[in-house]
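Peer 1: Supplied in structure tokens, the structure appears directly below.
Quick note: the coordinates plus some simple rules give every number you see, no bench work behind them. These numbers were taken from a predicted model, which means no experiment stands behind them.
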Amino acid sequence: MTSVPQEIPLEQFIVLSAILFSIGVYGVLSRRNAVLVVMSVELMLNAVSINMVAFAVYTAPTLFVGIIFAIFIITIAAAEVGLALAVILRVFRNRGTANIDEIDTLKW
Amino acid sequence: MTQAFFDLVAAVVIVGALGVVMARSTVYAALFLIASLLGVAGVYVLLATEFLALVQLLIYGGAVTVLLLFALMLTHVRDLRERAPEPAQRLGALLAGGGLLAGFITMVYRTRWPRDNGTITSIDFNTIGNALFNRWAVPFEIASGVLLVALVGAVVIAMQEEGEHL
């Protein structure tokens, strides 16, 4: 654990993560294909990880909970992708489409 | 020098992310996603957490994107190109994303971050390993249980049923 001066201010990392998160929100709201929605969710998860790691190394280096959080986010994201793709595959086999606006059985 | 590297990595991340949400072809979107996630690994290197960079490369660069490409292949997405979103839907998404971004950026620059003295602390592999297996051992085991359940669940859900064919 060694402290080194960093010429990039903390704000730049947070702004990068904010941009990534907003792009992910746009993707989730505008995409039709369910696989592409899952990809946009991945972007948002990565934005959150960047945010947590940046705060951990800049402001809380003795505890570094943010890094542990990022590790767990990556683990859960892997589980989430596997499960989401299985569900999408099942929906595609039953209904012949993976577009979320055509899966409207619960709509009345 | 560091700043130039950060700009490069940030450009890769943002261009990749824009490609994911804009590309008409879904396979191109998946390839843009790989670029963006590898850029995020570069951000971790800049934050002096090499362990996370390696994990990012292995899990996202390897496993997750391959899974996504398989799903694209199995849902025959390449035959039917993604239709353009409705203008109203796209406008709403743009407003939501843009509003969120504007809010975040004003928030970031109007806040004084306490305890930020311009230095970063590089946390080496040993420290992370010790913390993960001592202090965070129970969450670690729970996470492995979650992974196991998700794996079995995914197999059960996607299993081919009698008389069913792709």
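Peer 1: Sorted from largest to smallest, which semi-axis lengths in Å does the alpha carbon gyration tensor of region A:54-108 give for its equivalent ellipsoid, taking the root of 5 times each eigenvalue?
Peer 2: The equivalent ellipsoid of region A:54-108 has semi-axes of 39, 12, 7 Å.
Peer 1: If you fit an axis through the alpha-carbon atoms of helix A:10-30 and take the longest principal axis of the Cα set of chain A, what angle between them do you get, 0 to 90°, nearest 10?
Peer 2: 0 degrees
Peer 1: Taking only Cα atoms of chain A, what ratio of Rg to Rh do you get with Rh as the Kirkwood inverse-distance radius?
Peer 2: Rg/Rh for chain A comes to 1.13.
Peer 1: Please give the length that would be gained between B:ILE142 and B:ASN130 if that part of the chain were fully extended, namely 0.36 nm times their separation in residues minus their C-alpha to C-alpha distance (nm, one decimal).
Peer 2: So the chain would gain 2.6 nm between B:ILE142 and B:ASN130.
Peer 1: What are the ³J(HN,Hα) couplings of region B:42-54, residue after residue, when phi is run through the Karplus curve with 6.51, -1.76, 1.60 and θ = phi - 60°? Round to Hz, x for glycine and proline.
Peer 2: x, 4, 5, 4, 4, 8, 6, 10, 5, 4, 5, 4, 5
Peer 1: A further question on this structure: Please work out, to two decimal places, the log10 of the ratio I(q)/I(0) at q = 0.12, 0.17, 0.18 Å⁻¹ from a Debye calculation in which every Cα of region B:1-79 carries one identical scatterer.
Peer 2: -0.37, -0.67, -0.73
Peer 1: Let me ask you something else. Mind jotting down a quarter of the surface of the convex hull over the alpha carbons of the protein assembly as shown, in square nanometres, one decimal?
Peer 2: The Cα convex hull of the protein assembly as shown, projected and averaged over all directions, gives 16.0 nm².
Peer 1: Taking every Cα atom in region A:28-82, find the radius of gyration and the maximum pairwise distance Dmax, and write them in Å.
Peer 2: Looking at region A:28-82, its Cα Rg and Dmax stand at 13.4, 44 Å.
Peer 1: Given H placed 1.01 Å from N in the peptide plane, which residues other than close sequence neighbours of B:ILE120 have an amide H under 5 Å from its amide H?
Peer 2: Amide H to amide H, under 5 Å and 5 or more residues apart or across chains, B:ILE120 pairs with A:VAL4, A:GLN6.
Peer 1: For region B:1-123, what is the relative contact order in percent, using Cα pairs closer than 8 Å and at least 6 residues apart in sequence?
Peer 2: It rounds to 25 percent for region B:1-123.
Peer 1: How long are the semi-axes of the ellipsoid equivalent to chain B, from square roots of 5 times the Cα gyration tensor eigenvalues, in whole Å, largest first?
Peer 2: Whole-Å semi-axes of the equivalent ellipsoid: 33, 27, 16.
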